[in-house]
1. Pop out the carbon and sulfur fraction of the accessible area of the chain as a percent, whole number, probe 1.4 Å.
2. How much mean residue ellipticity at 222 nm does the chain get from its helices, if each DSSP H run of length 4 or more adds -39500 (n - 2.57) and you divide by all residues, to the nearest 500 deg cm²/dmol?
3. Looking at the chain, send over the antiparallel percent of its DSSP beta bridges, to the nearest 5.
4. Need the full-extension length gain, GLN102 to THR311, defined as separation in residues times 0.36 nm minus the C-alpha distance. One decimal, nm.
5. Relative to the present Cα-Cα distance, how much length would full extension add between TRP50 and TRP83 at 0.36 nm per residue of separation?
6. Evaluate E = 1/(1 + (r/R0)^6) for LYS57 and GLU340, where r is the Cβ-Cβ distance and R0 equals 30 Å; express this FRET efficiency to the nearest 0.05.
7. Which residue fluctuates the most in the chain, going by a Gaussian network model with Cα springs under 10 Å, if the choices are GLY21, GLY214, GLY344?
8. Any idea how far apart SER42 and ASN230 come out in nm if each label point goes 7 Å out from Cα toward Cβ?
Amino acid sequence: MAESLQEAFLESGHEVAMMDGWRSSNQLLASWNERLYEFLTSHLPFVYGWSYDWTEKLSKDSTLWRWLSYFSKGAVVGLMQEWHPDAVIQLFSDQSLRYVKQLNPQVLASVLLTDFALHSRWFVNEADFFLVATQELANRAKKIYRLHHEVIPTGIPIRQAFQQHASGFPFPELLDKPYLAVLTGGRGVFPQILQVVQTLHRQFPQHRVVVCCGRNEIMRKKIENHFSNNPLILSYGYLQEINKLMEKADFIVTKAGGVTIAECLACGTPMLFYKPLPGQERKNAIYIEKTGGGWIAENLQTLAESCTHLTEKKLQAARSVLKELQVSDSAKRVVYEVEERLQGRQADGGYAAKNIKRV
């Protein structure tokens with residue numbers, strides 16, 4: 001997502017710097033934090049879910065958020081002093097924007113939420129405005145967190161390939177039969193993958209089941225070896241043109257990350273979420289399920305039951321819902337909102353035209 005924003009700002013004539021605040025400030029701490037997240041979500045998901053729900057509606061001024069933001073302070077301050085940006089966009093639920101404003105109160109500071117769920121950690125008071133996926137989320141954010149800021153629906157920026165719908169289909173082996181796709185994410189992490197694939201094949205014996213394993217070559221080989229005698233089950237590694245595969249799938253079985261959902265929305269392909277993790281993934285999945293564009297399966301039994309009800313009529317209804325939810329060119333919308341506010345400050349004498357360049 002950061003790369004899609006970078007590309008959009010560069011196309012608009014801006015200089016762009018990207019930074020991972022936690023990793024740049026303390027790589028050891030960032031690695032430990034990632035491992036803790038992976039351990040909790042893999043082995044103790046209820047603990048992670050409890051902590052997420054407990055802090056969901058904490059005050060924006062909570063001491064906890066201030067304390068956590070301190071860990072990215074060093075990198076944020078360093079970049080501000082070196083880069084002197086005109087605008088800062090935060091893509092992570094960390095309240096380090098407070099240090100941006102301390103160093104330069106005139107900088108245009110915004111937060112772009114990367115989920116279809118709301119959490120108090122995103123809403124730092126020092127932001128000038130917030131960018132969210134939908135108008136409904138914008139309305140809820142203002143009400144729940146009593147915001148006096150602008151909250152603007154722009155969608156979640158995704159790779160330009162998902163916006164183009166170019167002709168051509170680079171998977172000729174999939175042209176002879178309908179298929180459904182299983183997305184395991186870039187790192188290839190998915191619960192009970194063999195059992196899920198077997199269940200899907202059993203419920204849709206006339207379809208191909210295509211498993212996209214990302215960069216997890218071990219998973220790809222595991223599926224390939226386990227189903228070596230079944231030509232209807234295929235596994236792929238990292239796919240540059242995965243958007244074309246997603247567009248033509250009857251539906252997608254996937255995790256419930258915000259960017260993944262935004263990509264499915266752009267493709268107009270219904271989603272079946274398997275065992276969404278407690279926390280933002282579950283909230284994302286619930287949001288899409290309420291719209292009618294996807295469904296949640298908590299275990300193998302409910303996965304099989306859900307598949308039984310996925311008739312062509314139901315899938316077509318879901319596609320219609322997703323078409324209404326689509327937001328085109330989200331990255332360009334973000335650029336537009338930032339530029340509008342920078343130009344407004346220029347008109348008020350806050351910036352010289354030549355300085356409206358750095359994001």
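1. Carbon with sulfur: 52 percent of the solvent-accessible area.
2. Mean residue ellipticity at 222 nm (helix-derived): -14500 deg cm²/dmol.
3. In the chain, approximately 0 percent of DSSP beta bridges are antiparallel ones.
4. Taking 0.36 nm per residue and subtracting the Cα distance, the gain is 69.7 nm.
5. Separation in residues times 0.36 nm, less the Cα-Cα distance, equals 8.0 nm.
6. Result of the calculation: an efficiency of 0.45.
7. GLY344
8. Spacing of the two 7 Å Cα→Cβ label points: 2.5 nm.
The values are calculated or read from the model by the stated rules, or taken from the named source; none is laboratory data. Computed from a prediction, not measured in an experiment: that's the story for all the values here. In this analysis, Cβ positions are derived from the backbone assuming ideal geometry, glycine residues included, and neighbour counts consider all displayed protein chains. Each accessible area value is taken on the protein alone, full model and side chains, heavy atoms only, with ligands, DNA and RNA left out. Shrake-Rupley method; radii C 1.70, N 1.55, O 1.52, S 1.80 Å.
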